[in-house]
Amino acid sequence: MRSSNPVFSRRGFSRDNGHAGFNATPQAGAPATGNPYAQGTAANPYATNPYAQTDIQGAPQAPARPDVMTIDDVVTRTAMTLGTVIVAATAAWWTLPVDKENVGTAIGIAIGAAIVGFVLSLVNSFKRRPSPPLILTYAAFEGVFLGVISNIVSVYWAPGAAMQAVIGTMAVFAGVLIAYRTGLIRVTRRFYGFVMAAAIGFTLLMMVNLLFAVFGGGDGLGFRSGALGIIFGIVAIVIGACILALNFKQVEDGIAYGAPREESWLAAFGLTVTLVWIYIEMLRLVAILSGDD
């Protein structure tokens, strides 16, 4: 499926040439093992219309199938979601002062926004069908959290850290996209299993570190400061980059196997969560490196 967006519609990135890409289309008769959008009603959730209406007797009607997802849908929804994050972050940056008299209030608001954003991310992750209002609400609360912590880091630890983190996040996104589209990164079942295991293990370790920090004081086990903090920050960014490749694969498969257009919101949500992860780790890494100077 081709896109009118010139970034994603160039030649040379389809399965026909051996590279995974956004313009991939399923080959007739090709095996579909492990692909959630594979051909066949047993493996492809979109092989039949899940939105077909029924009459009073329960007999299925045959309305036109919903429009399928395209790369332009994903780009548009992702721009809307990230745009909401940026607007909310900018508003929080300028309206919530972080001077010594007000920093406690700002941190409290940021923690509250982070908790609400986390809850909404779980709700969006487990909903059967994506909800655009909930996804945009998540983006707004996440933006408030990012705006406050970015301002605090820039004021107290590393002036200009926010812009450096943004540039670093953009560089990771561009690098993974190029590597994915040129076939340098190939998302296989083994790759998926390794990335998910690494992400779960890293998250659990950071939760343990947080608990030690809350109840024991200081920096917990010391995983987020000093030399260990730099190492774990780099590891976190690498994991985020790998998850980004999984997001690209999700988009590719959804387009190739005819996912409904509303699934583009789920793709946008996944991309936003991953980019927020990478940005936070970039910001933390910049703060640590600046503190070591």
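The values are calculated or read from the model by the stated rules, or taken from the named source; none is laboratory data. Quick caveat, the model's predicted, so the values are computed rather than measured. Neighbour counts run over all protein chains shown; Cβ positions are idealised from the backbone, glycine included. For the accessible areas, the whole protein counts, side chains as well, though only heavy atoms, and no ligand, DNA or RNA atoms are used. Shrake-Rupley method; radii C 1.70, N 1.55, O 1.52, S 1.80 Å.
Specify the residue that is nearest to Ser264 (Cα to Cα); the eligible residues are those in the stretch 91-122 that are touching a helix residue (DSSP H, G or I) at 6+ places or on another chain (Cβ under 6 Å) and not small (Gly, Ala, Ser).
The extreme case among them is Leu120.
Six or more apart or on different chains, Cβ atoms under 6 Å: show the pairs whose first residue is in the stretch 224-249 and closer than 18 Å to Ala197 by Cα and whose second is open to solvent by 30 Å² or more (accessible area, probe 1.4 Å) and part of a helix (DSSP H, G or I).
Hits for this filter: Gly233/Arg284; Ile239/Ala198; Gly240/Trp277.
Do we have any residue at all in the stretch 157-166 that's under 20 Å from Trp277 (Cα atoms), free of Cβ contacts under 8 Å to residues at least 24 places away in the same chain and surrounded by fewer than 16 Cβ atoms within 10 Å (Cβ to Cβ)?
Yes.
I'm trying to understand the selection: among the residues of the stretch 213-222, which are surrounded by 16 or more Cβ atoms within 10 Å (Cβ to Cβ) and either of a type in the set (A, V, I, L, M) or part of a helix (DSSP H, G or I) (or both)?
Scanning the stretch 213-222 gives Ala213, Leu221.
Among (1) open to solvent by 40 Å² or more (accessible area, probe 1.4 Å); (2) closer than 16 Å to Met170 by Cβ; (3) among the hydroxyl-bearing types (Ser, Thr, Tyr), there is one condition Ser225 misses while meeting the rest; what is its number?
(2)
Can you pull out the residues in the stretch 265-284 that are more than 8 Å from the chain's Cα centre (by Cα), crowded, with 23+ Cβ neighbours inside 10 Å and β-branched (Val, Ile, Thr)?
Hit for the stretch 265-284 is Ile278, nothing else.
Just the residues that are open to solvent by less than 40 Å² (accessible area, probe 1.4 Å) and within 9 Å of Leu285 (Cα to Cα), please, taken from the stretch 233-243.
Within the stretch 233-243, just Gly233 meets the criteria.
Tell me whether the stretch 134-141 contains one or more residues that are among the hydrophobic types (A, V, I, L, M, F, W, C) and either touching an Asp or Glu at 6+ places or on another chain (Cβ under 7 Å) or loosely packed, with under 14 Cβ neighbours inside 10 Å (or both).
No, that holds for no residue.
Being of a type in the set (A, V, I, L, M), open to solvent by 20 Å² or more (accessible area, probe 1.4 Å), over 21 Å from Asp73 (Cβ atoms) and under 23 Å from the mean Cα position of the chain (by Cα) narrows it down to one of Leu246, Leu289, Leu210, so name that one.
Exactly one of Leu246, Leu289, Leu210 is of a type in the set (A, V, I, L, M), open to solvent by 20 Å² or more (accessible area, probe 1.4 Å), over 21 Å from Asp73 (Cβ atoms) and under 23 Å from the mean Cα position of the chain (by Cα), namely Leu210.
Restricting attention to the stretch 71-117, which residues are open to solvent by less than 30 Å² (accessible area, probe 1.4 Å) and more than 17 Å from Leu146 (Cβ to Cβ)?
Of everything in the stretch 71-117, those that are open to solvent by less than 30 Å² (accessible area, probe 1.4 Å) and more than 17 Å from Leu146 (Cβ to Cβ) turn out to be Ile71, Asp73, Val74.
Determine, yes or no, whether Phe191 is over 19 Å from Val273 (Cα atoms), open to solvent by 20 Å² or more (accessible area, probe 1.4 Å), touching a residue at least 24 places away in the same chain (Cβ under 8 Å) and part of a helix (DSSP H, G or I).
yes
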